[in-house]
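Just so it is clear, none of the values below were taken in a lab; they were calculated from the coordinates. Nothing here was measured: the structure is a model prediction, and the numbers come from that model. Note that each Cβ is placed from the backbone with ideal geometry, even for glycine, and that neighbours are counted across all protein chains shown.
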Amino acid sequence: MYTRQPAIALHQVHKVYNNGTVALEGIDLAVQPGDFISLVGPSGCGKSTVLRLIAGLGEPSQGSLQWGLTDSDGQGEAQKGQRRLAFVFQDAALMPWATVVDNIHLPLKLKGKALRTCRSEIQQVIQLVGLQGTEGSYPRQLSGGMKMRVSIARALVIQPHLLLMDEPFGALDEMTRSRLNADILHLWEQYQWTVVFVTHNIYEAVYLSNRVVVMAANPGQIVAEVAIEEPHPRNEDFRTSPRFNEYCREILAHLTAAEVETHPSALLY
């Protein structure tokens with residue numbers, strides 16, 4: 001049972017768009033400091049909408065978002081602008097005319113920090129994500145996996161309280177995706193960031209998370225939460241273990257039950 005104040009909590013959050021589409025209905029979700037939570041569910045179930053509301057890129061139609069103690073000194077933060085949020089999208093969204101260093105510098109530049117004053121911070125995250133030697137490269141010279149590493153480094157350079165990741169590895173081949181899964185999990189284990197991660201991939205969710213939140217569509221809602229009670233560090237042995245398969249089957253069962261409830265005709269197929 002959690003006794004700490006959540007880093008972020010959603011209370012009965014509804015989201016209805018202007019065209020009448022009900023994107024979310026009755027979302028209750030508490031993200032504890034240091035959590036790695038994955039949201040899984042079919043397309044259109046509101047996973048990305050949840051992330052966008054947390055990021056402040058939209059407002060709930062009903063309900064509330066409550067911020068907890070997210071700063072390092074435990075004093076809490078009263079103002080939205082003081083929260084350090086980082087968002088990693090599926091598309092790396094790099095500036096094609098800028099080098100790796102300049103792309104990573106962007107969020108610091110927007111805060112008024114000149115490159116000469118934050119080179120050490122930039123170099124630190126370059127080392128964290130394994131991009132040494134690419135500092136002067138342009139996006140066109142990088143592989144898909146390396147571009148995503150730049151995007152992750154750009155998010156980490158602000159030392160976020162909360163890292164939001166919206167299917168960041170979805171467009172990558174399985175080998176690259178597997179390597180990046182291992183790398184991001186290693187970084188999370190080392191630094192204990194708070195992460196909310198969106199994915200369609202059940203195996204990815206189980207491997208990365210300490211909790212998997214299962215969502216259903218029409219309207220978007222949470223139908224189950226599965227705690228992944230496995231020790232860290234995790235490695236390839238966990239991926240091939242019977243326990244890993246049990247977690248995957250449990251999550252798939254929740255997704256299937258939600259699909260059948262939403263579309264009863266699915267029983268015919």
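Remark: the His11-Glu229 segment gains 76.0 nm on full extension, using 0.36 nm per residue and subtracting the alpha carbon distance. Remark: spin-label model distance Thr21-Glu174 equals 3.2 nm, labels positioned 7 Å along the Cα→Cβ axis. Packing around the peptides 131-138, 192-199, 21-28, 153-160, taken as the average count of other Cβ atoms within 10 Å per residue, puts them in this order, highest first: 192-199, 153-160, 21-28, 131-138. In angstrom, the C-alpha Rg and Dmax of the range 84-127 are 10.8, 30.
Only alpha carbons enter this Debye calculation for the range 108-245, each as an equal point scatterer, and the log10 of I(q)/I(0) it gives at q = 0.15, 0.18 Å⁻¹ is -0.84, -1.13. For the range 175-269, the pair-distance distribution built from all alpha carbon pairs, in bins 10 Å wide starting at 0, is 14, 44, 29, 12, 1 percent. Using only the alpha carbon atoms of the range 30-187, find the Kirkwood hydrodynamic radius as the inverse mean reciprocal pair distance, in angstroms to one decimal. Taking every pair of different Cα atoms in the range 30-187, averaging 1/r and inverting gives 16.9 Å. Compute the label zone of Gln159 within the range 94-132: residues whose backbone N is under 11 Å from the point 7 Å along Cα-to-Cβ. What the label zone holds, given the 11 Å backbone N cut-off, is 121.
If R0 is taken as 30 Å, the Cβ-Cβ distance between Thr117 and Glu189 corresponds to a FRET efficiency of 0.50. Between the range 190-238 and the range 97-161, the C-alpha centres lie 27 angstrom from each other.
Given a cut-off of 28 Å, name the pairs among Lys15/Lys147; Lys111/Lys147; Lys109/Lys147; Lys47/Lys147 whose C-alpha atoms lie farther apart than that in the structure shown.
The pairs that break the limit, which is 28 Å between Cα atoms, are Lys15/Lys147.
Here is the size of the range 8-57 from its Cα atoms: Rg then Dmax, 11.4, 37 Å. Counting only DSSP H runs of at least 4 residues, each contributing -39500 (n - 2.57), and dividing by the residue count of the chain, the helix-based mean residue ellipticity at 222 nm comes to -10500 deg cm²/dmol.
Estimated from the Cβ-Cβ distance and a Förster radius of 41 angstrom, the FRET efficiency linking Arg249 and Ala55 is about 0.80. Each Cα pair of the range 85-178 feeds into the Kirkwood radius, which the Stokes-Einstein equation turns, at 37 °C and 0.692 mPa s, into a diffusion coefficient of 247 µm²/s.
Principal axis extents of the Cα atoms in the chain, from largest to smallest and rounded to whole angstrom, are 60, 43, 40. In the range 166-207, the ratio of gyration radius to Kirkwood radius, Rg to Rh, stands at 0.94 when only Cα atoms are counted.
May I ask for the net charge around Phe89, where only other residues with Cβ less than 10 Å from the Cβ of Phe89 are counted and Lys, Arg are +1 while Asp, Glu are -1? Local net charge: -3. Relative contact order of the range 176-269, taken over Cα pairs closer than 8 Å and 6 or more residues apart, is 25 percent.
Let me know the whole percent of all Cα-Cα pairs from the range 140-201 that are separated by more than 16 Å.
Result for the distance tail: 44 percent.
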